[in-house]
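*Asks:* Structure provided below as structure tokens; questions to follow.
The values are calculated or read from the model by the stated rules, or taken from the named source; none is laboratory data. It should be emphasised that the depicted structure is a prediction, and the values quoted were computed from it without experimental measurement. Please note: Cβ atoms are built from the backbone with ideal geometry, for glycine as well, and neighbour counts cover all protein chains shown. Keep in mind that these areas ignore ligands, DNA and RNA; they rest on the heavy atoms of the full protein, side chains included. Shrake-Rupley method; radii C 1.70, N 1.55, O 1.52, S 1.80 Å.
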Amino acid sequence: MLHDPNRVYIFDTTLRDGEQVPGCQLSTPEKIEIAKALEAMGVDIIEAGFPISSPGDFQSVVELSKAVQDPVICALTRANKGDIDAAVAALKFAKRPRIHTGIGSSDMHIKYKFNSTREKILERAVEAVKYAKQFVEDIEFFAEDAGRADNVFLAQMVEAVIAAGATVVNIPDTNGYCLPDQYGSKILFLKENVKNIDQAIISVHCHNDLGLATANSLAGVINGARQVECTINGIGERAGNTALEEVVMVLKTHHALNLHTNINAKHFHDISSKVSRMMRMPVQPNKAIIGQNAFAHSSGIHQDGFLKHRENYEIINPEDVGINEADIILTARSGRHALKHHLERLGYTIEKINLDQVYENFLILADAKKEISDDDLLTLMSDGEESTYKNGYKLNGLSVSCGDQQQPTASVQLEYEGQVHTAEAEGNGPVNATIKAIEKIIGKNIQLKEFTIQAMHGGSDDTSKVNMRVSYADKSYLGYGFSTDIVKASADAYLDALNKFL
């Protein structure tokens with residue numbers, strides 16, 4: 001039945017099982033936006049909703065069926081005619097419709113949920129598949145709580161529903177109970193004991209109550225399942241479902257499995273953020289693949305090893321999942337290698353910098369803060385207390401006079417290679433006068449191309465951040481300065497830019 005025996009189909013249930021999380025309900029337009037993102041990513045099947053559950057869910061399935069072209073659109077039902085009729089009506093515009101019907105398969109559910117017997121449950125399962133098959137060719141049957149079901153009875157049920165017309169048989173670990181070897185053995189048992197199993201795709205649908213959803217899904221795939229039911233970010237009932245991004249990246253990373261999907265993993269970061277935002281469901285920072293710390297390195301030993309060779313500490317390239325690059329997080333545990341990496345990224349030439357002095361100042365700052373930002377580094381590098389550059393210009397003194405009754409004038413004192421130089425200049429404002437005074441000392445043909453001032457937090461007493469871009473010998477250099485005095489911040493930014501090439 002499968003054209004490619006090594007292809008694993010991705011069945012996304014973010015819009016059905018994922019939306020069952022309290023407080024995560026979506027409007028129809030929001031569902032359509034996520035569905036289109038899933039389609040663009042290459043998802044094979046989208047479970048659009050449970051039409052009988054509410055008029056809103058019914059309409060969402062209708063509209064989503066109109067909006068999406070390529071994936072199979074699936075609607076959930078229980079094993080009764082009313083549910084199936086609602087699903088058929090909701091799927092009338094779907095290009096590739098699927099009905100997902102089913103019933104409990106464990107003795108626990110048969111006795112305490114349905115107050116029935118195995119024989120009667122089996123009859124209802126077969127009847128539901130046969131009834132749905134009259135309207136839709138593609139029928140998926142779920143054997144709820146299959147994780148705790150007796151394997152012999154489960155095999156009997158699977159064989160019967162395939163004979164009745166099921167094209168996919170879903171073996172859910174509904175309560176996240178199974179261990180991976182148990183679940184994998186269950187799938188293998190069905191492969192070896194269901195006579196007509198080659199006429200259907202085995203699907204795995206695992207919950208994460210014990211943190212084993214991804215492990216169980218993979219155990220199922222390794223033992224013969226070829227469809228995985230999952231959600232973006234692993235959202236879903238209780239502790240959630242199998243995370244789509246985890247399964248896909250495991251298969252991509254472990255080439256020896258010789259299994260693949262149709263998913264473009266470069267969409268992961270964007271779609272994860274979209275689902276998180278729309279469902280108001282934050283992603284835990286240490287979440288595999290798409291958590292904000294998934295590609296962050298803060299230990300000095302890890303940072304050093306990573307910077308020497310990425311694969312020392314990364315088995316996945318962040319660009320493969322839509323992230324531009326790994327984060328080297330600067331903390332008190334970071335070493336010189338990590339500090340050097342960030343300074344070079346910000347445009348500093350390490351050979352010109354007194355790195356030992358900068359690192360000492362960095363450690364003092366890092367002890368006081370949990371994490372060092374780019375702005376912290378720029379402040380550190382423009383600090384006039386110690387010379388950042390081995391042979392750079394240092395601002396020793398600055399005096400400005402200005403007002404509406406006088407020409408703005410600046411007097412500047414710079415230290416360079418142990419020598420003190422002074423100059424005075426007039427300008428059309430205090431900053432312009434300061435830059436002209438510095439130019440007198442430098443004696444170079446330097447052009448100021450860009451000059452921006454930004455308040456760091458707000459308020460008239462705030463620290464100002466000044467960015468300057470200057471041009472010299474047909475090359476551009478960026479400089480940064482920080483101070484509660486805008487004129488001093490401007491002088492520091494100008495000198496910071498100059499010291500990068502002088």
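*Asks:* Please give every one of the aspartates and glutamates within straight-line cross-link reach of Lys66, meaning a C-alpha to C-alpha distance under 17 Å, and leave out same-chain neighbours fewer than 8 residues apart.
*Replies:* Here the aspartates and glutamates satisfying the reach criterion relative to Lys66 are Glu30, Glu33, Glu39, Asp44, Glu47, Asp57.
*Asks:* If packing is taken as the average count of other Cβ atoms within 10 Å, what order do 60-68, 443-451 fall into, highest mean first?
*Replies:* Averaged packing, sorted descending, gives the order 60-68, 443-451.
*Asks:* Still on this model: In whole Hz and in residue order, list the ³J(HN,Hα) couplings for region 423-435 that follow from phi through the Karplus curve 6.51 cos²θ - 1.76 cosθ + 1.60, θ = phi - 60°; x for Gly and Pro.
*Replies:* With the stated coefficients, region 423-435 comes to 7, 9, 8, 9, x, 7, x, x, 5, 4, 5, 5, 5 Hz.
*Asks:* Against the longest alpha carbon principal axis of the chain, how many degrees, from 0 to 90 and to the nearest 10, is the axis of helix 486-498 turned?
*Replies:* Once rounded, one gets 80 degrees.
*Asks:* Separate question: Taking the mean number of other Cβ atoms within 10 Å as a proxy for protection, how do you rank 182-190, 404-412 from highest to lowest?
*Replies:* Order by mean packing, descending: 182-190, 404-412.
*Asks:* Right, next: For region 486-502 and region 1-74, what is the centre-to-centre distance using only Cα atoms, to the nearest Å?
*Replies:* Between the Cα centre of region 486-502 and that of region 1-74, the gap is 55 Å.
*Asks:* Taking Cα pairs under 8 Å and at least six residues apart, what relative contact order does the chain come out at, in percent?
*Replies:* Dividing the mean separation by the residue count of the chain yields 9 percent.
*Asks:* Which percent of the accessible heavy-atom area of region 394-500 goes to carbon and sulfur, probe 1.4 angstrom?
*Replies:* 40
*Asks:* At 1.4 Å probe size, with every protein chain present, just tell me what the per residue accessible area of the chain comes to in Å².
*Replies:* Dividing the accessible area of the chain by its residue count gives 46 Å².
*Asks:* Using alpha-carbon pairs under 8 Å, 6+ residues apart, how would you state the relative contact order of region 394-500 in percent?
*Replies:* Normalised by residue count, the contact order of region 394-500 is 18 percent.
*Asks:* With contacts defined as alpha carbon pairs under 8 Å and 6 or more residues apart, what's the relative contact order of region 196-260 in percent?
*Replies:* Reported relative contact order: 30 percent.
*Asks:* Which lysines have a Cα less than 18 Å from the Cα of Lys475, not counting those fewer than 8 places away in the same chain?
*Replies:* Lys352, Lys444, Lys449, Lys500
*Asks:* Give the cross-link partners of Lys287 among the lysines, using a straight C-alpha distance below 23 Å as the criterion and excluding same-chain residues fewer than 8 apart.
*Replies:* Lys252, Lys266, Lys274, Lys370
*Asks:* Further, regarding this structure: Assuming a ≥ b ≥ c are the square roots of the Cα gyration tensor eigenvalues, decide whether the chain counts as rounded (a/c under 1.5), prolate (otherwise, with a/b larger than b/c) or oblate.
*Replies:* On the way: a/c = 3.74, a/b = 2.77, b/c = 1.35.
Because a/c hits 1.5 or more and a/b exceeds b/c, the chain counts as prolate.
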